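Chemist: I'd like to ask you about the structure that follows.
The values are calculated or read from the model by the stated rules, or taken from the named source; none is laboratory data. These numbers were taken from a predicted model, which means no experiment stands behind them. Backbone-built Cβ (ideal geometry, glycine too); neighbour counts: all protein chains shown.
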Amino acid sequence: MGIQTLAVDIGGSGIKVMVLDECGTPLAERDRLPTPQPAKPDAVIGAIAALAQGKTFDRVSVGFPGVVREGVTETAANLTPDWIMFDLATALSRQLDKPTRVINDADMQGLGAVSGQGVELVITLGTGFGSALFVNGKLVPNLELGHHPFRKGETYEEQLGRAALDQDGKAKWNDRLKRAIATLQNLFNYDTLYIGGGNTDRIAFQLPSNTKIVPNISGLLGGIALWKD
Ligand code: BGC
């Protein structure tokens, strides 16, 4: 049996895991637990340990919903402030006794989705608004469009995150998403836009032809790419 990777996606509402083989092919069904509330580091690490129990793996890849540098989480808008400058890679590798790498969740999702050709932008529509940028398959890490001003004095996340969808309804949210796509096309002049995240099934308009919906599972499939260099 080759090297097996436990891919972990820490979300605002759920923590998902899946074991991948050396080619990134899933070896079993995805497993999930609700994100503990409050989502403090100890509680989240405990949930990951519970999900890892009984699974065989040699290393761990984590997608985290904030800025991540060298395994250290620097922001976490939708978790708790305890994550600011928290060394998640070290804490989790100690807990699971396996080498662990951590990157931003949208970056990990993009790694599992992009083609490697041209300029590719990824956005994720979930609890937060995630974003990732690739140039010929090379990641520009930690692009934080979500907290960038979009319109009416609000950020992309304030206009298009889960709270906005729940509060303002599907019609307004769709109208905003259409405008956001037009703005991002003008800004990045990307070749392809990928849209992932749990709220993609709420999209109710015809997307431009250079836009693709990414299946949720790519958030975990991207886990294999963290070990490529
Ligand atoms: C965070 C991003 C993250 C996104 C999706 C945002 O609030 O700042 O880093 O990728 O949510 O989880």
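This table checks each residue for (1) within 14 Å of the ligand (Cβ to nearest atom); (2) more than 18 Å from the chain's Cα centre (by Cα).
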| residue | (1), (2) |
| --- | --- |
| Ala76 | yes, no |
| Leu79 | yes, no |
| Leu88 | yes, no |
| Leu96 | no, yes |
| Thr100 | no, no |
| Asn104 | yes, no |
| Glu120 | no, no |
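Chemist: Quick one: is Leu92 crowded, with 20+ Cβ neighbours inside 10 Å and in a loop (DSSP other than H, G, I, E, B)?
Modeler: No; evaluated as a whole, the condition is false for this residue.
Chemist: Please name all residue pairs, on different chains or six or more residues apart, with Cβ atoms under 6 Å, provided the first residue is in the range 94-110 and is within 18 Å of Asn142 (Cβ to Cβ) and the second residue is part of a loop (DSSP other than H, G, I, E, B) and within 16 Å of the ligand (Cβ to nearest atom).
Modeler: Short answer, once both residue conditions are applied: Val102/Gly71; Asn104/Asn142; Asp105/Pro65; Asp107/Pro141.
Chemist: Which residues, counting only those in the range 198-220, are touching a strand residue (DSSP E or B) at 6+ places or on another chain (Cβ under 6 Å) and within 21 Å of Leu20 (Cα to Cα)?
Modeler: Across the range 198-220, the qualifying residues are Val214, Gly219, Leu220.
Chemist: Looking only at the range 48-74, how many residues end up being within 24 Å of Asp21 (Cβ to Cβ) and under 18 Å from the mean Cα position of the chain (by Cα)?
Modeler: 7
Chemist: Turning to a different aspect of this structure: Kindly provide the set of residues from the range 145-201 that are of a type in the set (Lys, Arg) and more than 12 Å from the ligand (Cβ to nearest atom), ordered by number.
Modeler: Arg151, Lys152, Lys170, Lys172, Arg176, Lys178, Arg179 - these are the residues of the range 145-201 that are of a type in the set (Lys, Arg) and more than 12 Å from the ligand (Cβ to nearest atom).
Chemist: Out of all the residues in the range 1-36, which are away from the ligand (no atom under 16 Å from the Cβ) and polar (S, T, N, Q)?
Modeler: Selection gives Gln4, Thr5, Thr25.
Chemist: Between residues in the range 23-42 that are loosely packed, with under 14 Cβ neighbours inside 10 Å and residues that are of a type in the set (Lys, Arg), which pairs lie under 8 Å by C-beta distance while being six or more apart or on different chains?
Modeler: Close Cβ pairs satisfying both conditions: Ala28/Lys55.
Chemist: Turning to a different aspect of this structure: Restricting the first residue to the range 52-79 and requiring it to be assigned by TED's automatic domain parsing to the domain that holds Glu22, which pairs with a second residue that is of a type in the set (Phe, Trp, Tyr) meet a Cβ separation below 6 Å and a spacing of at least six or different chains?
Modeler: Qualifying pairs under 6 Å: Thr73/Phe64; Thr73/Trp83; Thr73/Phe86; Ala76/Trp83.
Chemist: Counting only residues that are aliphatic (A, V, I, L, M), surrounded by fewer than 24 Cβ atoms within 10 Å (Cβ to Cβ) and within 14 Å of the ligand (Cβ to nearest atom), which one in the range 126-144 is nearest to Thr75 (Cα to Cα)?
Modeler: Among those that are aliphatic (A, V, I, L, M), surrounded by fewer than 24 Cβ atoms within 10 Å (Cβ to Cβ) and within 14 Å of the ligand (Cβ to nearest atom), it is Leu143.
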